[in-house]
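Here is the structure we will look at, set down as structure tokens.
Derivation of every value follows stated rules applied to the coordinates shown; laboratory data play no part. Keep in mind that this is a model prediction, so the values were computed, not measured. So basically every Cβ, Gly included, is an ideal-geometry build from the backbone, and we count neighbours across all protein chains shown.
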Amino acid sequence: MFRSNRKTLQNLLIITILLILDITCVQNSEQQNIKDQKNTEVTLFNTEKRILHSEIINDDFEIYISLPYRYIYTDTTYPVLFNLDANIGFGITDNVVHILSTLNKEIPEMIVVGIAYTIKGIEDWATWRCRDFRPTSHPEKDKAWQDRLSQASSRDDIVVESGGADKFLAFIREELIPFIESNYRVDSSDRAIAGVSASGLFTLYTLFQHPETFQRYFAGSPSISWDEPYMYKLENNFAASHNDLQARLFMCAGGLESESYINNMNKMAELLRSRKYPSLEIETVIFENETHGSIYQAAISRALKMLYKK
């Protein structure tokens, strides 16, 4: 009897040990599987990324493309919105466009084209936007930006050289727009451009240099103070040779921004209104309690509704 009970206890002990070992092996296997899994990136619905090499600038650009929800089910052509600073702003713009167009029907469905850079860090985006969005070279300010970005990133390969807006505009007009129009169903007579800060400056630069490129312009907190009074000279030169300006323009600034942003925006708007161009529509807004860092998020919905109002 005693031997029988002892043997039974031994068998139970062995079974218990085997169960513990089995559970441990399963847990270790599951943990290893989790470690071995390659996490997938979050992507925006109905978006694509294309790489486009610019012969004009001799650089590669990442082009983010958001298609309307019904794009694949129709043969419709769509308005196209070119979104500058897409490394940081494309997701915001894309989501707002889908909410206002697909869900709320406040603006038409459209294709959003984001112009971005292949970057190691945010310092690369800041470096190349200095190159592409600023129309004049300013070595002293370039050096200040270079030192700031190098210190923030602990990198010694940062080189800031402004003054490339003419080439960047040529890239958009001669390389990017033909690429988009040959690959997607876009309405070539309905293009918009959206930018903020330095890219807002570039938006105004485009308006005065080649206004026919776009029909709708969003310039958020444009950095008009860059090499001031250059942009006012550009505006004056345009006015001297044109009787009309066929465009819708939305400009804004944040109430908590420095006075230069607010004053320059108001001054530029007053100048344009004084020209009395028959085909120019302007709306300006000061967004209270918004800073230079928050103005784009606050303004994008208002800008789109103004630019696409019927």
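Given the pairs LYS49/LYS120; LYS49/LYS310; LYS267/LYS305; LYS233/LYS276; LYS105/LYS310; LYS120/LYS167, which are separated by over 21 angstrom at their Cα positions? Where the Cα-Cα span goes over 21 Å, the pairs concerned are LYS49/LYS310; LYS267/LYS305; LYS120/LYS167. The ranking of VAL285, VAL160, VAL113 from fewest to most other beta carbons within 10 Å of each one's beta carbon is VAL285, VAL160, VAL113. Model label points for LYS310 and HIS242, set 7 angstrom from Cα along the Cα-to-Cβ axis, are 2.9 nm apart.
Shape call for region 58-204 from the C-alpha gyration tensor, a ≥ b ≥ c root eigenvalues: rounded (a/c under 1.5), prolate (a/b greater than b/c) or oblate? Show your work: numbers first, answer last.
Numbers: a/c = 2.46, a/b = 1.99, b/c = 1.24.
Here region 58-204 falls in the prolate category.
Per the Debye formula with a single identical scatterer at each Cα and no solvent contribution, what log10 I(q)/I(0) holds for region 36-115 at q = 0.19 Å⁻¹? Each listed q corresponds, in turn, to -0.86. For PHE82, what residues show an amide H to amide H distance below 5 Å, using hydrogens built from the backbone and excluding near sequence neighbours? For PHE82, the qualifying residues are VAL113, ALA192, ILE193, ALA194.
Using 1/(1 + (r/R0)^6) with R0 = 30 angstrom and r between the beta carbons of GLU48 and LEU271, what's the FRET efficiency to the nearest 0.05? Before the final figure, lay out each step's value.
Values: r = 40 Å, r/R0 = 1.33.
About 0.15, to the nearest 0.05.
Put a plus charge on the Cβ of each Lys and Arg, a minus charge on the Cβ of each Asp and Glu, and nothing anywhere else: the dipole of region 91-173 about its Cα centre is then about 100 debye. For the chain, the share of DSSP beta bridges that are antiparallel, to the nearest 5, is 30%. Each residue of region 84-93 was assigned a 3J(HN,Hα) from its phi angle through the Karplus expression (A = 6.51, B = -1.76, C = 1.60, θ = phi - 60°), giving 6, 6, 5, 4, 10, x, 5, x, 4, 4 Hz with x at Gly and Pro. The ranking of ASP75, ASP187, ASP157 by Cβ neighbour count inside 10 Å, starting from the fewest, reads ASP75, ASP157, ASP187. Taking 25 °C and 0.890 mPa s as conditions, region 147-266 diffuses translationally at an estimated 152 µm²/s according to Stokes-Einstein applied to its Kirkwood radius (Cα pairs).
Suppose the chain between ASP166 and LYS38 were pulled fully straight at 0.36 nm per residue; how much longer would it get relative to their current alpha carbon spacing? Numbers along the way, then the final one.
Details: separation 128, 0.36 × 128 = 46.08 nm, distance 4.26 nm.
Gain on stretching ASP166 to LYS38: 41.8 nm.
Which log10 I(q)/I(0) values, to two decimals, does region 142-187 give at q = 0.19, 0.28 Å⁻¹ under the Debye formula with one point per Cα? Cα-only, vacuum Debye calculation for region 142-187: -0.67, -0.92.
Taking GluC sites (Glu not before Pro) across region 80-155, the ones in a DSSP loop with at most 15 further Cβ atoms lying within 10 angstrom of their Cβ are GLU106. Each residue of region 199-310 gets 92 Å³ once the volume of the Cα convex hull is shared out per residue. Among HIS53, HIS292, the order by Cβ neighbours within 10 angstrom, fewest to most, reads HIS53, HIS292.
Spin-label pair ILE286-VAL159: with each label point 7 Å from Cα along the Cα-Cβ axis, the two points sit 4.3 nm from one another. Rounded to the nearest 10 degrees, the angle from helix 295-307 to the longest Cα principal axis of the chain is 60 degrees.
Divide by every residue of the chain the summed helix terms, -39500 (n - 2.57) for each DSSP H run of at least 4, and state the resulting mean residue ellipticity at 222 nm, rounded to the nearest 500 deg cm²/dmol. All intermediate terms of the calculation are to be shown ahead of the outcome.
Working: 10 runs with 142 residues, N = 310.
The per-residue figure over the chain is -15000 deg cm²/dmol.
Convex hull over the alpha-carbon atoms of the chain: what's its volume per residue in Å³?
Numbers: hull volume 70.2 nm³, N = 310.
Considering the Cα atoms of the chain, their hull volume per residue is 226 Å³.
The phi-based Karplus calculation (6.51 cos²θ - 1.76 cosθ + 1.60; θ = phi - 60°) puts the 3J(HN,Hα) values of region 124-140 at 5, 4, 5, 5, 6, 6, 4, 5, 8, 9, 9, x, 10, 8, 9, x, 5 Hz, whole numbers, x for Gly and Pro.
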